[in-house]
1. Give the whole-number value, in cubic angstrom per residue, of the convex hull volume spanned by the C-alpha atoms of the range 86-199.
2. Let me know the Kirkwood hydrodynamic radius for the range 1-94, please, with Cα pairs as the basis and the value in Å to one decimal.
3. Whenever you get a sec, line up C581, C642 from highest to lowest accessible area (probe 1.4 Å, protein heavy atoms).
4. Can you tell which of Q497, H469, M458 lies farthest toward the positive end of the dipole of the range 422-549, using +1 and -1 charges on the Cβ of basic and acidic side chains (Lys, Arg; Asp, Glu)?
5. Largest first, what is the accessible-area ranking of H46, H469 with a 1.4 Å probe?
6. Write down the Kirkwood hydrodynamic radius of the range 158-308, to one decimal in angstroms, obtained as one divided by the mean of 1/r over all alpha carbon pairs.
7. In the range 34-155, how does Rg compare with the Kirkwood Rh, expressed as the Rg/Rh ratio over alpha carbon atoms?
8. Taking the Cα centre of the range 245-350 as the origin, how large is its charge dipole in debye, to the nearest 20, when only Lys and Arg (+1) and Asp and Glu (-1) carry charge on their Cβ atoms?
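The values are calculated or read from the model by the stated rules, or taken from the named source; none is laboratory data. None of these values were measured; they are calculated from a predicted model. We place every Cβ from the backbone using ideal geometry, glycine too, and count neighbours over all the protein chains shown. The accessibility values were calculated without ligands, DNA or RNA, using every heavy atom of the protein model including side chains. Shrake-Rupley method; radii C 1.70, N 1.55, O 1.52, S 1.80 Å.
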Amino acid sequence: MLIVFRKLPLTYKLILIGIIPIIFLTYFSVVIYREQSQRVALISDHIERVQQSEDLGELVIELARERKFSFQYAIKRADLEEIAEQREKTDSVTAILSASDDVYLKDFEKYTSLDQLPAMRMNIDTGKNFVPRKILQFYTDVILRLTTINSSTPSSHTFLQPVYQDLITQRTLSEMIAYLGIIRINIFEALYTGQDMQESLEATLGDYKTFISYEKEFLAKASPQSISTYNNRKKLSDYKPTRDYIDRLFSKMEFDNTYDADAWWKVSTEGLKTVRQQQRNLWSSVDKRMKVLYEKENNYKISTFVFLIVSMIFVVIFVAYSINDISKLLRELKLAARKISKGETGIELNNMPTGVIGNLAKSIAQIDKNNVQLARAADEIGKGNFSVLIKPRSDNDLLSHSIKQMKKNLREFTAQKDKLQQETLELVNKRDEFFSVASHELKTPVTSLKAYTQLLLMDQLELNGNSNHEVMLKKMDLQINKLTCLINDLLDTSRLQNGKLVYTKSSFRFDEFVSEIVSEIQLTSDSTHIIIKKNDPVEVNADRDRIGQVLTNLLTNAIRFGRRSEEIIVESTVEGDHVICSVRDFGEGIDADQQDKIFDRFYRVSGNNLHTFPGLGLGLYIAREIINRHGGSIRVESTKGCGSTFYFLLPIHEDDTIIHELSS
Ligand code: ADP
């Protein structure tokens, strides 16, 4: 289970974390709401109960009246109108109660024997089975039974506290009134008939004791206000004569002459009315306060409901927002980590919270910072700055240790390389010096050799001597010329290296110059025909001999390497403030990867009939240097097997300073 939870994606975990409190909140919300609804229902039930008590009280009163009239009617067989009127009142209150569908009142007519009332009335009216006491007893039983229906004793919920005392004592008061009514009618009956008075008093003693017991209960349980009202009524109101008479009667256990039946009925009617008034006041006060309670609890229920809904919405929004925010933060961290894994730097993690995520963000930022520092250090080391300090963060900091080691190795390597470079430079210098000296030293004997060969050749021609000697002398002269060319190339290269090649600038017609050089070179080859295809007239300012050296080299190369072709095409075109001169042959051409290299010093294309075409690989190097130092450029276009075209570009009005500067 723990492993399953551990492997769960973080978003699901967060959703779970969010859902659990929502479930609890929903559960408690429902419980609280239900409890609140129950309270409201309970109060509403009590309100109904109080209403019923009032209605039952009314029925008891009406039945008590009917009992008196029935009794009088039964004895005297008079007051028919009064009894008919009373029966109507009783029936109308009964009808109200019968119409209720409350379970408390279900079939109450049956178990209270109220359903036998019509039969009893019939007996009274017809005089059949007529026993006055039986009539009285019937009504008394019904009244007592009706009083017990009103027995809804509320449980002592704290929210009912304000009305609790009045709620329970209103029932006691009902019992008191019921017994007071019975006592009253019994006394009336004894006074009215004047028969078995003592017997009747004794029979009523039990009811009197029950009444006193209920009164004690009332005084014990009722609210202080109800008690004081009751006591006041007992002492001062119309209730006093009734109570005094009853108390006197049952303490002495004999009738006196204070009242006759009618007077007693009148006095006790007033007395009972006063107590009933108190009951009514109690009911209406309970009813009012219950309604206030109902309002309060109902409002509380609604506000609880609204509060729960609002808090649930708030929790859902808060949880959703939190999940989204955490996911966003983690996404940012993931992106930052991914960037680092790809080797990127400059990670920015702003507005990060404190705690775990904040620490993670700080660690990522620290990694980034270290990477940048190490990269900069590596860069500096790469540039040869070995003074940068690399401080490994721990013994296990592989990267820092490696860079530190790399710095050490590189420093050693650089030192070795510098040493080698120095040695190489010295060697190159020595070589250049050797070239310079050797070519210089070679030049002098070769020049004199040339002179002597020329003299010998002239003598041979004049003397018209041995023709073999002449041929041999001509070959010697040719070889000396070649040797001279090689020595000149070496000398020029040496001068170029030392910056000692001197340029002498002059203005000349470039088109004439081209024709001249072409004619000269044409003389050296019978097999190749050099064609000047285009020759724009233009005057340039340059070192004529050196430019001539360039064009000669290109033409000689074209003859040498374009051997199989029969012609070479020369073009000289003016474009803007430049003149572009090209030499095209149809020889073997040059590989693309060699085309740049042929302008390097001592570079010759390998496998290019090196022995057939002797040379040192210096001609194009010297040509490029000369052209460059005139502020121009030289390049080649060639296709292997199809020939090559060499172009050189010269500014027409060349800036004097360039040559001067470079030659100095
Ligand atoms: P070299 O004295 O060897 O001719 P260059 O510098 O004049 O020296 O030429 C360098 C190399 O360039 C030559 O050895 C040759 O291989 C190549 N090369 C020069 N001109 C041509 C050309 N017109 N056709 C083919 N290859 C050429």
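1. 143
2. Averaging 1/r across every pair of different Cα atoms and inverting gives 19.3 Å.
3. C642, C581
4. Among Q497, H469, M458, the one farthest towards the positive end of the dipole of the range 422-549 is Q497.
5. Reading off the accessible areas and sorting them downward yields H469, H46.
6. 17.2
7. 1.09
8. 760
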